[in-house]
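Here is the structure we will look at, set down as structure tokens.
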Amino acid sequence: MDGNIKNNLPSTKNGQNVDGTLQIMDFLEVIEKRRSVRKYSEKPVEKEILDAIVKVAQTAPSSRNSKSSAFMIVEDRDTLDALSQMRDYGSALLKGAQAAIVVLGDESKTDLWVDNCAISATFVQLAVTAMDLVSCWVHINGRPCLKDVPEGEKAEDYVRNLLGIKDGLRPYCAIAIGYPEE
Ligand SMILES: Cc1cc2nc3c(=O)[nH]c(=O)nc-3n(C[C@H](O)[C@H](O)[C@H](O)COP(=O)(O)O)c2cc1C
């Protein structure tokens, strides 16, 4: 793996290898194509593609180059099902996803970890689109598990327990990922 992201991307449906480098979607095409998609095909997402998406997200800008964002790839079906139950509104779509990338913020690195996470998650979604996949953002940070009990258990604590995330790393959002339905 060299430092050049483009040279390390696996081929995508529309990708063509030209002289050993990969032709990925035009930037504006990616911007135009990105939409929140909440239903996915049953085709699994290749691990190398998920790894490549995280590599792209790791290039996102961060306050004072603090690089406070971390990424957890979830592919296990039972864990995705459990993740889909983090809230009683707006997270059920994770049940049908083939994978999720949970974006976490290291609050010890910067007070702007939330801002950094939002940028990182956006990079994840754009990389997903560029690789012919679809995604939807499922928010965690600050959200209660139950819509009608805003002071009750928080989605962040539910996700922390489920994924065994250590203190100081703050679950911010999960990006549900899959191939589009035919
Ligand atoms: C900060 C943020 C939080 C979001 N949270 C959720 C969510 O919890 N569940 C969901 O289904 N969509 C969520 N979305 C997706 C938005 O609903 C979606 O981006 C918006 O409706 C615009 O649609 P588009 O992404 O197709 O342009 C979130 C998006 C953002 C940026």
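The values are calculated or read from the model by the stated rules, or taken from the named source; none is laboratory data. Source: prediction; values computed, not measured. So basically every Cβ, Gly included, is an ideal-geometry build from the backbone, and we count neighbours across all protein chains shown.
Miscellaneous remarks
- Filtering the range 87-126 to residues that are touching a Ser or Thr at 6+ places or on another chain (Cβ under 6 Å), among the small types (G, A, S) and in contact (Cβ under 8 Å) with a residue 24 or more places away in the chain leaves S91, G105, S120.
- Restricting attention to the range 1-46, the residues that are under 13 Å from M131 (Cβ atoms), at pLDDT 90 or above and part of a helix (DSSP H, G or I) add up to 3.
- When residues of the range 117-132 are limited to those that are more than 14 Å from the ligand (Cβ to nearest atom) and part of a helix (DSSP H, G or I), the one modelled with the lowest pLDDT: A130
- With respect to the conditions (1) over 16 Å from A174 (Cα atoms); (2) within 14 Å of the ligand (Cβ to nearest atom), K109 lacks only one, and its number is (2).
- Note on the range 112-140: among residues that are touching a Cys at 6+ places or on another chain (Cβ under 7 Å) and surrounded by fewer than 19 Cβ atoms within 10 Å (Cβ to Cβ), the one that is nearest to C173 (Cα to Cα) is H139.
- Taken together, the criteria place E156 among residues that are without any contact (Cβ under 8 Å) to a residue 24 or more places away in the chain, under 27 Å from K47 (Cα atoms) and within 16 Å of the ligand (Cβ to nearest atom).
- All positions within the range 25-67 that are more than 17 Å from A121 (Cβ to Cβ), among the hydroxyl-bearing types (S, T, Y) and within 16 Å of the ligand (Cβ to nearest atom): Y40
- Taken over the range 50-86, the criterion of being surrounded by fewer than 16 Cβ atoms within 10 Å (Cβ to Cβ), touching a Ser or Thr at 6+ places or on another chain (Cβ under 8 Å) and part of a helix (DSSP H, G or I) is satisfied by S63, R64.
- Residues satisfying the stated conditions in the range 142-157, i.e. surrounded by fewer than 18 Cβ atoms within 10 Å (Cβ to Cβ), assigned to a loop (DSSP other than H, G, I, E, B) and not basic (K, R): G142, L146, D148, V149, P150, E151, G152, E153
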